[in-house]
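What follows draws every value from the coordinates through simple rules; no lab data is involved. Everything numeric here is computed off the predicted structure, so don't read it as measured data. A quick note on method: Cβ atoms are made from the backbone with ideal geometry, for glycine too, and the neighbour counts reach across all protein chains shown.
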Number of protein chains: 6
Amino acid sequence: MPQPDHLTRLKPVDSPEIGEEMEAYFQKCRDKLGMVPNVLQAYALRPAKLAAFAKLYNEIMLADSGLSKLEREMIAVVVSSANRCYYCLVAHGQAVRALSGDPQLGEMMVMNYRVAKLTARERAMLDFVWKLTSSPQEIAESDREELRAQGFTEEDIFDICDTAGFFNYTNRVAHGIDMMPNPEYHALNRT
Amino acid sequence: MPQPDHLTRLKPVDSPEIGEEMEAYFQKCRDKLGMVPNVLQAYALRPAKLAAFAKLYNEIMLADSGLSKLEREMIAVVVSSANRCYYCLVAHGQAVRALSGDPQLGEMMVMNYRVAKLTARERAMLDFVWKLTSSPQEIAESDREELRAQGFTEEDIFDICDTAGFFNYTNRVAHGIDMMPNPEYHALNRT
Amino acid sequence: MPQPDHLTRLKPVDSPEIGEEMEAYFQKCRDKLGMVPNVLQAYALRPAKLAAFAKLYNEIMLADSGLSKLEREMIAVVVSSANRCYYCLVAHGQAVRALSGDPQLGEMMVMNYRVAKLTARERAMLDFVWKLTSSPQEIAESDREELRAQGFTEEDIFDICDTAGFFNYTNRVAHGIDMMPNPEYHALNRT
Amino acid sequence: MPQPDHLTRLKPVDSPEIGEEMEAYFQKCRDKLGMVPNVLQAYALRPAKLAAFAKLYNEIMLADSGLSKLEREMIAVVVSSANRCYYCLVAHGQAVRALSGDPQLGEMMVMNYRVAKLTARERAMLDFVWKLTSSPQEIAESDREELRAQGFTEEDIFDICDTAGFFNYTNRVAHGIDMMPNPEYHALNRT
Amino acid sequence: MPQPDHLTRLKPVDSPEIGEEMEAYFQKCRDKLGMVPNVLQAYALRPAKLAAFAKLYNEIMLADSGLSKLEREMIAVVVSSANRCYYCLVAHGQAVRALSGDPQLGEMMVMNYRVAKLTARERAMLDFVWKLTSSPQEIAESDREELRAQGFTEEDIFDICDTAGFFNYTNRVAHGIDMMPNPEYHALNRT
Amino acid sequence: MPQPDHLTRLKPVDSPEIGEEMEAYFQKCRDKLGMVPNVLQAYALRPAKLAAFAKLYNEIMLADSGLSKLEREMIAVVVSSANRCYYCLVAHGQAVRALSGDPQLGEMMVMNYRVAKLTARERAMLDFVWKLTSSPQEIAESDREELRAQGFTEEDIFDICDTAGFFNYTNRVAHGIDMMPNPEYHALNRT
């Protein structure tokens, strides 16, 4: 799979060293994933931000939560679908395929989550996330009640908002600097 | 100024201790600002996220950058205006009033930044930020060129995207849980 | 508070005298409010329209109605929030602060009326007004029924439509000529 | 042509007399137009507003202005097309057909003004009006410069904004109470 | 009624003969309607497409269906109203006037179908069609259930989607090449 | 790859035979593609429409044209991306991967065509198509001039409009009846 011709559209600059802790983290990525996700390489332009960003990312996507990792990845993709963010759709679409073992589910999250055969819990979560992304000012207590009716706890609702919010952040960084995903994602977990 | 009747619309739960480091940080807020910003109190529901969030926030808003602190606060308010986020408009609108010494400028950022008498640099930055918030998929190289033409460096462009992205995140957390700002902000820096 | 550098973006022209009646009215404004609202000064460019506009304005905002003056000012601000009209948000936001004695209420009307703790009557009125402003073609009998269910009479419904309609008018005049509000409004009724 | 089954969706109420001046005005309408326009009959519910409304309407549409009466009617229809207001499209669409002697022009203003063969002056005016109606907060000095480049004076620009603003008002009254136009308009000036 | 100055904005080219079958069809149009609809003349630029287009058009609009011809024409106009397509509004607006014998109904379909006094069946059909045109990705099983509740069969639902879809096609061809309708439509069936 | 649990959301009905010609066409599909595309199976509900639809489809996508087959498939996917149509994104996304030999290009067309490295000709074509789909009433002569400047002939412009229009049609049929694509597409041409 050919590498894209740019990591971002920012022009190359002499940036400071990312430091030992981040070098170790990048190596861990290489060992575990076979690559350093391009988003981390992009943040290396501003090393003081890189560590804070990576820490928050890991807290949101990997730490203990009432939301499963698949649910968090589904949120990531649906937010990115609303915002049409190529980077996050490619990277997190692959994660949905991998965690669910269902390639069609990954495509559905990317293209239009409404066609997927979801549990009522999943559908309520993703409808909330779509609305929070597209017309956040219209979220009302009735929307939170829909989540509670599906068994989401108060902490879960916080995590849904936090996760959906976070990808509204990364989507805009990716669009803002035209960040390209690692090409390895495309062919993974297709069958 | 009366306290709002809720911090967020999440129901009270027994949440874990926020830990020593965060207790110290809250105390520092009390000492320096006379209050703990409600967003931090809200994140205390998920203490493991609180530290990461606070660290990233401080990196974005307070660390060294080619963008002045006022510019970063202007970005925060304009993003929040596009998203109609009450919490962030109140808290960061006050910051614009305080840092600029110009109460009308704060109001203009809240209500419609296009009426403000801005430098060409500020206007280009805020037009970019509005577009990145409202139709992120339409950002193009020509938009970045507008920023470069105003003297923004590659790192500055990164920081503009990162800051605008971050408030697209916090706006959605605030909307998602109906987070109320500390009432102290309202009367500050009005003249 | 410094005066803005322009009243409107229209270039100065020799305009006819506004006439005795309007001179007296302007003097009355000075005596009562300490200023002539800039909107009236702007209409002085077309004196034949000034009197008709002022008369209709006073009929809508000050004459007897089933809607309180505060309710009419809340409508003015919510319409102006939907349209992001700086002039009307500043001038009528101050009126909401003054009439309600609640500075936070004024800010909420400006920034996002949905976060305010309103009576069911107020909320129904403002939801109607937001919809009539943003997607007027979708107003249906069911929307009017919501108003009737809150005790609004047929005349009240007429007045809600008339008031909301009127600020959709003034918002567009203000945007169209970039009309600046009197700076005195900013600091008033903040505590 | 059958009468519609309702004038507005407001329920009949005992409303006060409209007074001698307005009775005379209604008679003048009957004499001159063969009917009392339904909008005036609707405002008769609130007689104190009727006179002020009629006066402002006549000032805007009939008084001396750098804009021709046809131009003002074209503005009325294009605003009403953006807002999809049945009442104003029927009543002012007929006025465009009558004043221009061109039935196709009336239909084009109603359906999509962009297909009409217009002078550059007319097109600039209507593009401004569409934008002022649909996204008023985006009007900028460059939009006014387009008008000036077509020979519009400062007073003309004021009148364009005032006229466009006014129909954003009446469109919302008509939508808000579901006001039906007099059926006589439909068949007039079709050939 | 004067002819428009262009059939489409495509520049004249030497196009191939349309062939015997289509010549005969054009003659049949002249005999029956007194004109060849301009859309067919426009497709003559690409004769291989003309026959297929005409066949599908006739199948959709004229063949047996659970939808009456008037219902299909109402769908055509409402889709074209959402898309503001001058060609189809003129041509199919006339068809609604002709088939219904109600000139006001034709105008209502063009300007805002929501003001028309419709049967519950017609209203459900047109609400579905408006949504399918404006936000197709939001159509859900509940929308189809609304149609079934009005007595539409599965084949009828297919035909509603097919007809609405088809005019979303023709509207875009007409906009894309700026296709003008035959002027004869304007004056027909006005009383 | 598992079959979806529904072809469409229409309930099974006894539908007439599709006839000999279409049976032969379905067999040809099976022989050539290894499947009958689900859209054809869905149209079999209305056999009289099936033949006309298939003929027009083939004329648009397979017949001689100044547009290459890949260009036509790119148009299909970009229209379907704007409309978020799962069926067409899956089926025609695969066609872009197959015809281009570039799996990333297929994904880019689906997710956000603006990130793709395109020729100026392709980019102009797809920008036109996106606009024709999303805001057809705003297409102007200047948009056609952009196409001509890239070497597109008048017939090519017709074909671009016709192809883009056609997928605005099929997208709405697919959304309207919730049509699922054949699962075989997903895994094809991924590397």
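For the reader, a short list of remarks on this structure follows.
- Sorted shortest first, the separations between the residue C:184 label point and its copies elsewhere in the assembly read 3.3, 4.8, 6.9, 6.9, 7.9 nm; each point sits 7 Å from Cα along the Cα-to-Cβ line.
- Phi angles of segment D:174-187 translate, via the Karplus equation with coefficients 6.51, -1.76, 1.60 and θ = phi - 60°, into HN-Hα couplings of 4, 5, x, 10, 6, 7, 9, x, 4, x, 4, 4, 4, 8 Hz per residue; Gly and Pro are given as x.
- Taken about its Cα centre, chain B carries a charge dipole of about 580 debye when Lys and Arg each add +1 at the Cβ and Asp and Glu each add -1 at the Cβ.
- Calculated [θ] (222 nm, deg cm²/dmol) that DSSP helices of n ≥ 4 give over chain D, each run adding -39,500 (n - 2.57): -20500 deg cm²/dmol
- Based on every Cα atom in segment E:112-155, Rg and the maximum pairwise Cα distance Dmax equal 10.5, 28 Å.
- Summarised in one figure, the compactness ratio Rg/Rh of segment A:118-191, Cα atoms and Kirkwood Rh, is 1.08.
- Segment E:1-48: Cα Rg divided by the 2.2 N^0.38 Å rule of thumb: 1.21
- Dimensionless Rg ratio for chain F, taking C-alpha atoms and the 2.2 N^0.38 Å reference: 1.05
- Positive dipole terminus of segment A:1-136, leading residue within A:124, A:63, A:39 (C-beta point charges): A:124
- Packing-based exposure ordering (other Cβ within 10 Å, fewest first) of F:159, A:102, A:64: A:64, A:102, F:159
- Cα centre as origin, Lys/Arg/Asp/Glu Cβ charges: the protein assembly as shown dipole, Debye: 0 debye
- For the protein assembly as shown, the alpha carbon convex hull comes to 173 Å³ per residue, rounded to a whole number.
- Fluctuation leader among E:181, E:12, E:47 - chain E, Gaussian network, Cα springs under 10 angstrom: E:12
- Taking only Cα atoms of segment A:65-175, radius of gyration then Dmax in Å: 12.8, 35
- Hz values of 3J(HN,Hα) by residue in segment C:71-84 - Karplus curve (6.51, -1.76, 1.60), Gly and Pro given as x: 4, 5, 5, 4, 4, 4, 6, 5, 4, 5, 5, 4, 8, 6
- Shown for residue C:100: label points 7 Å from Cα along the beta-carbon vector, and their distances to the equivalent points in the other copies, 2.4, 4.4, 4.4, 4.5, 5.2 nm in ascending order.
- Highest mobility in the GNM of chain F, judged by mean-square fluctuation with C-alpha springs under 10 Å and restricted to F:95, F:124, F:63, is found for F:63.
- Once you reduce segment F:139-191 and segment D:72-124 to the center of their Cα atoms, the two points are 32 Å from each other.
- For segment F:94-104, backbone phi angles converted through the Karplus equation (6.51, -1.76, 1.60; θ = phi - 60°) give residue-by-residue couplings of 4, 5, 5, 4, 5, 6, 8, x, 10, x, 5 Hz, Gly and Pro being listed as x.
- For the cross-link pairs A:11/A:131; C:49/E:117; A:28/A:69; A:117/F:11, the ones whose C-alpha atoms lie over 29 Å apart are A:11/A:131; C:49/E:117.
- Within the listed set B:137, B:150, B:27, the residue fluctuating most in the Gaussian network model of chain B (springs between alpha-carbon atoms under 10 angstrom) is B:137.
- Sequence-distant residues sharing a close amide H with residue A:178 (under 5 Å, placed H): A:9
- Rg [Å, one decimal], Dmax [Å, integer] - segment F:1-109, C-alpha atoms: 15.1, 43
- Counting from the shortest, the label point at residue E:30, 7 Å from Cα toward Cβ, is 4.8, 5.4, 7.9, 7.9, 9.4 nm from the same position in each remaining copy.
- Assuming charge only on the beta carbon of Lys and Arg (+1) and of Asp and Glu (-1), the dipole of segment E:113-161 about its Cα centre is about 340 debye to the nearest 20.
- Percent RCO, i.e. relative contact order, over segment E:62-191, from Cα pairs under 8 Å lying at least 6 residues apart: 37 percent
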